[in-house]
Amino acid sequence: MTQISRMQFIYLMLWVILGTGITLLPFSIGQYTVRDGWIVPLFFFAGTACTAGVSALFIRTFPNQSLMDGLETAFGPWIGRVLGAWFLVWFLITTAMLLRELSVFVEITSLPQTPLYVISAAIVPPITYVVFHGIETLGRLGEFITPIAVIIALALSVLSLQNVDVSQLTPVLANGWTPVLRASILPTTSFPFEFLVALQLVKSMNGGKTLAKDLLWLGAFLSVAGLFIMGIVIAVLGPALTYLSLPVGEVVRGIRIGQFVERLDTIYVMGVIATMVLKISTFLYAMCSAMKDVFRLPTIRNVALPAGVAVWTANVLFFHNSPDLHEFMAYTTPAYFGVTMVGLPLLAVAVFRITRVIHKPSNKQSTAQ
């Protein structure tokens, strides 16, 4: 089994959140609150703490086992495979959703006259190629992209301060906590629950011994980073945040340096595309790994290409346009992700531990006889 380093794993998990979070979350938050939107990222840590607890319980109960292996250990080969098929459907729908998000982003920023199915068809081959070569390639890609992306993000954040109007952030909580809590649903549920895709990758992470701790550190870092990003976005855009589909892109577009340097949003667009590709590749690899475990395949290479084609097909069939995509993300993913990525692993842990307790007395009696 190919292993990736701890830092490579952290880089992958970082972009599992930021890959789409940097575009979707400011827009989503702006639909409920503007002035107090900077508070919302702090709730992300609560969701991360939940995922860290689930991952710690799962790994302690099923050491050195992937998510699919743990389900079979807890429920047996038949029920375990049925639940594994449920997870395969979840991986398919989620990866298709992410592919459609990237296609819509490319359409809005670069190719407004190109059909979405053509854009997504152009995106799938390089992602499938990366997945075909394994998780080590994903880890190295994360190592390459992350330093560049962090440097660019810091530079753009500093440059955007020239347009900040702090008065846009006041008065704090003038409308109470209700708009903030409504805006916090996605950052507290769907996004941190995506961290648990790592349970399928534990065999490539030295058993995932530091998974829970790494998730907590990532959650703390992303919560603080999100606070500053949302603070800048709100202070620059103000009430216009409600009507913009790409708020961060608008903030970057407003940066000017002298008379010659402008339109730095091109750099932003390239960075978002690269990180979203990395996120989709991670989910597609996890999907292929799950298929390998469920169907007892020798390697993920047997299913990398069919899985890529299936994701492209699902992204065309399930999400016909941007409103369908946003409706699914806002109203379906919190419960769907919660039941699948939190509820079922916890159920597997509970069933396994209860079964082990029930069988202990009979084992002792047989030993005594």
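The values are calculated or read from the model by the stated rules, or taken from the named source; none is laboratory data. Because the structure is predicted, anything quoted here is derived from the model rather than measured. Cβ atoms come from the backbone with ideal geometry, glycine included; neighbour counts cover every protein chain shown. Note: areas computed on protein heavy atoms with side chains; ligands, DNA, RNA excluded. Shrake-Rupley method; radii C 1.70, N 1.55, O 1.52, S 1.80 Å.
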Q) Tell me, what is the FRET efficiency for Leu347 and Ile148 to the nearest 0.05, using R0 = 25 angstrom and their Cβ-Cβ distance as r? A) 0.05
Q: Rank Ser289, Ser322, Leu305 by how far each Cα sits towards the positive end of the charge dipole of the stretch 222-359 (+1 on Lys, Arg Cβ; -1 on Asp, Glu Cβ) and give me just the farthest.
A: Ser289
Q) With charges set only on the Cβ (+1 for Lys and Arg, -1 for Asp and Glu), what does the dipole of the stretch 1-102 come to about its Cα centre, in debye to the nearest 20? A) 80 debye
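For Lys292, Lys209, Lys203, what's the largest-to-smallest order of accessible area, 1.4 Å probe?
Ranking Lys292, Lys209, Lys203 by accessible area, largest first, yields Lys209, Lys203, Lys292.
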Q | Residues in the stretch 146-189 reached by a label modelled at Arg253 [backbone nitrogen below 20 Å; 7 Å Cα→Cβ] | A | 153, 156-165
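Could you please state how large a percent of the accessible area of the chain is carbon and sulfur, counting protein chains only and using a 1.4 Å probe?
After summing per-atom areas, the C and S share lands at 68 percent.
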Q: Quickly work out the Lys360-to-Asn206 label distance, labels modelled 7 Å from Cα along the C-beta direction, and quote it in nm with one decimal.
A: 3.1 nm
Q. Tally Lys and Arg at +1 and Asp and Glu at -1 over the other residues with C-beta under 14 Å from the C-beta of Gly134: what net charge comes out?
A. +3
Q) How large is the helix-only mean residue ellipticity at 222 nm for the chain, computed as the sum of -39500 (n - 2.57) over DSSP H runs with n ≥ 4, divided by its residue count, in deg cm²/dmol to the nearest 500? A) -24000 deg cm²/dmol
Q: State the label only: which of [x] 20.8, 81; [y] 20.6, 71; [z] 21.6, 91 corresponds to Rg and Dmax of the Cα atoms in Å computed from the shown model?
A: [z]
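Highest first, please rank the peptides 296-302, 313-319 by the mean number of other Cβ atoms sitting within 10 Å of their residues.
313-319, 296-302
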Q) On a 0 to 90 degree scale, rounded to 10, what angle separates helix 304-318 from the longest Cα axis of the chain? A) 60 degrees
**Q.** Under 23 Å between alpha carbons - lysine pairs in the chain that sit 8 or more apart or on different chains
**A.** 7
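Probe of 1.4 angstrom, ligands and nucleic acids ignored: what's the accessible area per residue over the stretch 57-120, in square angstrom?
42 Å²
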Q: Would you mind counting up the charge near Thr266? Only other residues with Cβ under 15 Å from its Cβ, with Lys and Arg at +1 and Asp and Glu at -1.
A: 0
Q. Once phi is turned into ³J(HN,Hα) by the Karplus curve 6.51 cos²θ - 1.76 cosθ + 1.60 with θ = phi - 60°, what whole-Hz value does each residue of the stretch 164-181 show in order, with x for glycine and proline?
A. 6, 10, 4, 5, 5, 8, 10, x, 6, 6, 5, 9, x, 8, 4, x, 5, 5
Q: Using R₀ = 30 Å, calculate the FRET efficiency as 1/(1 + (r/R₀)^6) where r is the Cβ-Cβ separation of Phe328 and Met270; round to 0.05.
A: 0.65
Q: Leaving ligands, DNA and RNA out of it, rank Thr178, Thr188 by accessible area with a 1.4 Å probe, largest first.
A: Thr178, Thr188
Q. Which whole-angstrom value gives the distance between the alpha carbon centres of the stretch 244-287 and the stretch 73-143?
A. 20 Å
Q: Using a cut-off of 13 Å between beta-carbons, work out the net charge of the residues near Thr146 (Lys and Arg +1, Asp and Glu -1, Thr146 not included).
A: +1
(Q) In the stretch 66-210, if the dipole is taken from +1 on Lys/Arg beta carbons and -1 on Asp/Glu beta carbons about the Cα centre, which of Val166, Ser120, Gly134 is farthest to the positive end? (A) Gly134
(Q) Using a 1.4 angstrom probe on the protein heavy atoms only, could you order Tyr32, Tyr336, Tyr243 from most to least accessible area? (A) Tyr243, Tyr32, Tyr336
**Q.** Computed accessible area, Glu107, all protein chains, 1.4 angstrom probe, square angstrom
**A.** 50 Å²
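Would you work out the charge dipole size for the chain about its Cα centre, treating the Cβ of every Lys and Arg as +1 and the Cβ of every Asp and Glu as -1, and quote it to the nearest 20 debye?
1200 debye
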Q) Mind listing the phi-derived Karplus ³J(HN,Hα) values for the stretch 266-273, rounded to whole Hz, using 6.51, -1.76 and 1.60 with θ = phi - 60°, and x for any glycine or proline? A) 4, 5, 4, 4, 4, x, 5, 4
Q) Against the longest alpha carbon principal axis of the chain, how many degrees, from 0 to 90 and to the nearest 10, is the axis of helix 344-368 turned? A) 20 degrees
Q: For the stretch 228-369, build the charge dipole from Cβ charges (+1 Lys, Arg; -1 Asp, Glu) around the Cα centre, then report which of Leu264, Val342, Leu278 sits farthest towards its positive end.
A: Val342
Q | Zone of Val166's modelled label, taken as backbone nitrogen in the stretch 226-246 under 19 Å from a point 7 Å along Cα→Cβ | A | 227-239
